[in-house]
Structure formats: structure tokens, C-alpha cells
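Let me begin by presenting the structure, written as C-alpha cells, before commenting on it.
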Amino acid sequence: ISYYKVAKAAAYLLGNPRCLFVSTNPDPAYSFAPRAGGTAATLAPAGGVWARCVAMTSGREPDIVCGKPSRSLGKHMLSAYGLDPATTCMVGDRVDTDIEFGRAAGMHTLFVESGTTTAEAAAAAGPEQRPDFIAESIAVLEAALVGEAASD
């Protein structure tokens, strides 16, 4: 991403009203370093930042947001893979994309503390973003799956 690329994308949108503006997700930031010793993760701009740059420059909002938390994407994935939302769990570290995505598609949701959101913030989120389960790490899944296999 660069200033030039944002300007060029905006020019395409301004020059052609039929040009489709597709955004992958509204994420403002992502974490790319673990929180070792309780320190804050290092954050970097995510896809939503660049979509907002293009939207503000062109004066147009995205026509489609095709990534999380898109409900239609969730329904498509469930259908394409033959998954039952009642027995499917969306695992993620963001309540505003991952958890909202899972809930919008009718799945169970597990929030893990590996990203930009804290467990406290996840527990206090509004109903559409509040996870069913909260864990410190995705490692809890191994214990759950090993326990499930042992009971078979």
C-alpha cells in the first residue's frame, strides 16, 4: 500500500461510477507480536484503514465488504463445506470481525486473547459481538479435542 495506490484506486472510483469498490474487512489494526510478559502487542494498520483512505478520498463507501464479519460469507462457507452452525465454532481474536462473523452466521464463538482485544473487552461487548466462550489461547482446543477423542 502506498499513497500512489490509494490515489489511483480513488481515481478509478471517481472516474467510473460503475467501478465496484470491494473491501476485504473493516479491521483498523492487527497485532503482529505476542504479548510476552504482559506487554502490549505491536500494532500495524489493517485492511480497514486502507479501505477508509480510499473511501474518504473518493467520497464512496465500499459496495461490498466480502470478509469478516460478512453474514453472507459465513452462510456461504457453512453451505459450501456442509457445516451445521449448531456444531461449528468460530475462533478469533477480534470481537468486531471474528466473533461478530460467527454470531451473524449462527455459529458458536470462542474468543482467544492473541490479538488486539482483551478478554475484559470481549466479555463487555454488545450482544452481536459477545463471544460464547473466552480463552487465553487457542491451545485450549487441543485439550478439548484430546478429551473428545478419549471419550469416543
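The values are calculated or read from the model by the stated rules, or taken from the named source; none is laboratory data. Here the structure is a predicted model, which means the values were calculated and not measured. In this analysis, Cβ positions are derived from the backbone assuming ideal geometry, glycine residues included, and neighbour counts consider all displayed protein chains. Ligands, DNA and RNA are excluded from the accessible area calculation, which covers all protein heavy atoms including side chains. Shrake-Rupley method; radii C 1.70, N 1.55, O 1.52, S 1.80 Å.
Here is a yes/no grid of residues against (1) small (Gly, Ala, Ser); (2) open to solvent by 20 Å² or more (accessible area, probe 1.4 Å):
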| position | (1), (2) |
| --- | --- |
| Val65 | no, yes |
| Arg71 | no, yes |
| Lys75 | no, yes |
| Leu78 | no, no |
| Gly82 | yes, yes |
| Met90 | no, yes |
| Val95 | no, no |
| Asp98 | no, no |
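Just one residue in the set Ala51, Ala11, Ala86 is within 28 Å of Ala105 (Cα to Cα), open to solvent by 50 Å² or more (accessible area, probe 1.4 Å) and at pLDDT 90 or above; that residue is Ala86. Cβ separations smaller than 8 Å between residues 6+ apart or across chains give the following pairs from region 16-28 residues that are at negative phi and modelled with pLDDT of 95 or more to residues that are open to solvent by less than 80 Å² (accessible area, probe 1.4 Å) and not in a loop (DSSP other than H, G, I, E, B): Cys19/Leu13; Leu20/Ile64; Phe21/Leu13; Phe21/Val54; Phe21/Ala55; Phe21/Ser58; Phe21/Ile64. Filter region 103-132 for residues that are of a type in the set (D, E, K, R) and more than 25 Å from Asp84 (Cβ to Cβ); which is most open to solvent (accessible area, probe 1.4 Å)? Selected residue: Glu120.
Scan region 24-40 and give yes if some residue there is open to solvent by less than 60 Å² (accessible area, probe 1.4 Å) and in a helix (DSSP H, G or I), otherwise no. Talk me through it step by step, then tell me what you get.
Here is the first cut: in region 24-40, the residues open to solvent by less than 60 Å² (accessible area, probe 1.4 Å) are 25, 27, 29, 31, 33.
With the extra rule that they be in a helix (DSSP H, G or I), the set shrinks to none.
No; the residues of region 24-40 include none that is open to solvent by less than 60 Å² (accessible area, probe 1.4 Å) and in a helix (DSSP H, G or I).
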